[in-house]
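Coordinate-derived values only; no laboratory data. Just so it is clear, the model here is predicted, and its values are computed rather than measured. So basically every Cβ, Gly included, is an ideal-geometry build from the backbone, and we count neighbours across all protein chains shown.
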Amino acid sequence: MKNISLDATDIRILNALQNYGNLSKSKLAEAVNLSATPCWVRLDKLKKSGLIKGYSANIALDQIIDITSVIVTISLSHHRKSDFEKFENYIKNISEITECIATGGGTDYIMKVITSNLSKFQELMNELISDDLKIDKYMTYIITKNIKSSHPNLTKLIPTD
């Protein structure tokens, strides 16, 4: 991992973008207490360094359509590198799987799956277990309410000595 030197102002810029998205030049400068031109120069540097991967909007899907959100834990039957790679490459192409993390311990993966209904979720799971992905077991947890979803507070997470 490449170490990029960040100061407190850089971190405030990243934190503002993370929390509020693609702000105008003046709004971003105001949010980080910096004049517009130096703020934009710093933002350009942060973009060129690869720290800003892109911009997106958080859409309130529940106001558009009823959805089924499910957390799925997956354990593979074998723990060879090729088995992990095959599973990971397969699920990267499934749009209903919106998040997937590899974990240590008793579970190999935790995924968030969003479908239009429970039947569509079960169809997806049937595909996953019928394909040769070497899934030993999986557990599902229906999400009934989203209590908190946020980004980490970069100003508290990254020290600026």
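Here the Karplus curve 6.51 cos²θ - 1.76 cosθ + 1.60, taken at θ = phi - 60°, turns the phi angles of the range 84-97 into couplings of 4, 4, 5, 4, 4, 5, 5, 6, 4, 9, 9, 5, 5, 8 Hz, with x standing for Gly and Pro.
A straight Cα-to-Cα reach below 12 Å connects Lys45 with the aspartates and glutamates Asp10, residues fewer than 8 places away in its own chain not being considered. For Ile135, the amide hydrogen comes within under 5 Å of the amide hydrogens of Ser77, counting only partners 5 or more places away or on other chains and with H modelled in the peptide plane.
Please state the relative contact order of the chain as a whole percent: Cα pairs under 8 Å, 6+ residues apart?
It comes to 28 percent, rounded to a whole number.
Think of each Lys and Arg Cβ as +1 and each Asp and Glu Cβ as -1; about the Cα centre, that makes the dipole of the chain roughly 660 debye.
Segment Gln63..Val41, full-extension length gain: 4.1 nm, with 0.36 nm per residue of separation and the alpha-carbon distance subtracted.
Relative to the dominant Cα principal axis of the chain, helix 36-48 is inclined by about 40°.
Rg over Rh for the range 61-142 works out to 0.98, both radii taken from alpha-carbon positions and Rh defined as the Kirkwood radius.
Ordering Val113, Val72 by the number of other Cβ atoms within 10 Å of each residue's own Cβ, fewest first, gives Val72, Val113. For the range 15-72, chymotrypsin sites (Phe, Trp or Tyr not before Pro) meeting the loop criterion (DSSP other than H, G, I, E, B) and having at most 16 other Cβ atoms within 10 Å: Tyr55.
I need the shape label for the range 3-60. Rule: rounded when a/c is under 1.5, else prolate if a/b > b/c, else oblate, with a, b, c from the alpha carbon gyration tensor. All intermediate terms of the calculation are to be shown ahead of the outcome.
Working: a/c = 1.79, a/b = 1.18, b/c = 1.52.
Cα axes put the range 3-60 in the oblate bin.
Shown in residue order for the range 129-136 are the 3J(HN,Hα) couplings computed by the Karplus curve 6.51 cos²θ - 1.76 cosθ + 1.60 at θ = phi - 60°: 7, 8, 6, 7, 9, 6, 7, 7 Hz (x for Gly and Pro).
With all distinct Cα pairs included, what does the Kirkwood hydrodynamic radius of the chain come out to in Å, to one decimal, could you say? Hydrodynamic radius (Kirkwood, Cα only) of the chain equals 18.9 Å.
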